[in-house]
1. Would you mind estimating how fast segment 25-176 diffuses translationally, via Stokes-Einstein at 37 °C and 0.692 mPa s with the Kirkwood radius over Cα pairs, in µm²/s?
2. Express the carbon and sulfur contribution to the solvent-accessible surface of the chain as a percent, rounded to the nearest whole number, probe 1.4 angstrom.
3. Given R₀ = 30 Å, what would the calculated FRET efficiency be for Ser3 paired with Arg100, taking r from the Cβ atoms and rounding to 0.05?
4. Compute the convex hull volume of the Cα atoms of the chain, divide it by the residue count, and report the result per residue in Å³ as a whole number.
5. If you line up the long axis of helix 267-278 against the longest principal axis of the chain, both from Cα atoms, how many degrees apart are they, to the nearest 10?
6. Taking the inverse of the average 1/r across all pairs of different Cα atoms in segment 267-353, what Kirkwood radius in Å do you get?
7. Rank by packing, highest mean first: peptides 239-245, 110-116, with packing defined as the count of other Cβ atoms within 10 Å averaged across residues.
8. Can you list the residues, at least 5 places off or on another chain, whose amide H is less than 5 Å from the amide H of Phe253, using H built in the peptide plane?
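The values are calculated or read from the model by the stated rules, or taken from the named source; none is laboratory data. Everything quoted here is computed from the prediction, not taken from an experiment. Counting neighbours? That spans all protein chains shown, and the Cβs are built from the backbone with ideal geometry, glycine included. The area values use the complete protein model at the heavy-atom level, side chains included, leaving out ligands, DNA and RNA. Shrake-Rupley method; radii C 1.70, N 1.55, O 1.52, S 1.80 Å.
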Amino acid sequence: PISVSTYFAKHLVSAIPPNSPRLDMKQTSYKKVGPFLLEMESKGIIQLGASKDGKDRCAFLAAIVKQHPDLLEFKRQLKKEVEAGDADASIIASGPDTKRKMAVVDLFIVPRHISDGLQLEKDDVMAVNAKSEERKGTGFLTKAECRTLIEGYIEKEELADTSNRGNILVNGPLCDALYRVSKKDKKQSASDHESGYPTSVKRKDLIERWMDRMDNGHALVEMPGSKILHLGRGEANPVSIEVEFRQGNKKKFLTRVRGMEEYGIDAESLSTEVSNRFACSSTVETNPVGRAALKKGRAELVFQGHLSEELTALLTGDEKLSSHGGAKGSDYCLPKNVIKVTLRKGVPARKKR
């Protein structure tokens, strides 16, 4: 047996396709889920169990009669619609082969003063010969391509230290590119450079120094297929999930979400879907009071309850991250490392299951 409240929140609501209208029992002739279940019991489709005191006739869902003619007819009809192509797209596309994923890949950009100082080939610096069409000519390089640049420079300038195997000679341009300190930093770290700049360093240390001098970038990649959806400088923008206490109540929580638009997720649609899946109230705020301002066209979603695990599971498409049935069958596939969960002061972490 399963309690009716659990059945409604974790199973019935979660079975609604994402693009379908929200299930609102008040808008039906039943008004509540109880009368609906009692009618199903009268038809012999399900069996209900009463509460211990006997006051609530439909406190538990005791059994489902899977061989009931009405259920069998529904399954036959659904099968015909799927075969005819008339069924809901979310039902047809629920197979594992259609599941896609996203990943954030670290990329690197050669600073202009370094490429000019070392007189590097412009085509190599701009990734003209990159394997990915989306990266060609953008200047966004993989780690391997970045390393090839410095290895090529070492070979071209014959900087391998013949007297000290494994070391690389540091010429003037290379010293300026990797070890030169700005006037501002000179004052702060004068003691570090009293001994002068290095003339020979280990190859491993030189390459690490080279990578540290690169500007950071990232790519949002869709898999399978390794299709680049977005290229950007710096780190990928996070989707922030923040849980706090409701004002004046230390037992109930609010969960706030922002940043989903960066990954093509419509705020209104996500609000409706989360509300349907997890049976919670939701609001969409474009100008939150007392909080950090939002960019134009962005919104902050506010949900009732502690939904950090549920939202992480839903947005990443990994239903194993939450035991809530509403997280199943998600069409989202954000990388886990862009989900940033923050628990405000006093908010407890969810218990591990």
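1. Answer, rounded: 142 µm²/s.
2. The value for the chain is 50 percent carbon and sulfur by accessible area.
3. In this case the efficiency is close to 0.25.
4. Cα convex hull per residue, to the nearest whole number: 238 Å³.
5. For helix 267-278, the angle is close to 50 degrees.
6. Across segment 267-353, the inverse of the average 1/r is 14.1 Å.
7. Put in order of decreasing packing, that is 239-245, 110-116.
8. Hits under the 5 Å cutoff: Arg246, Gly305, His306.
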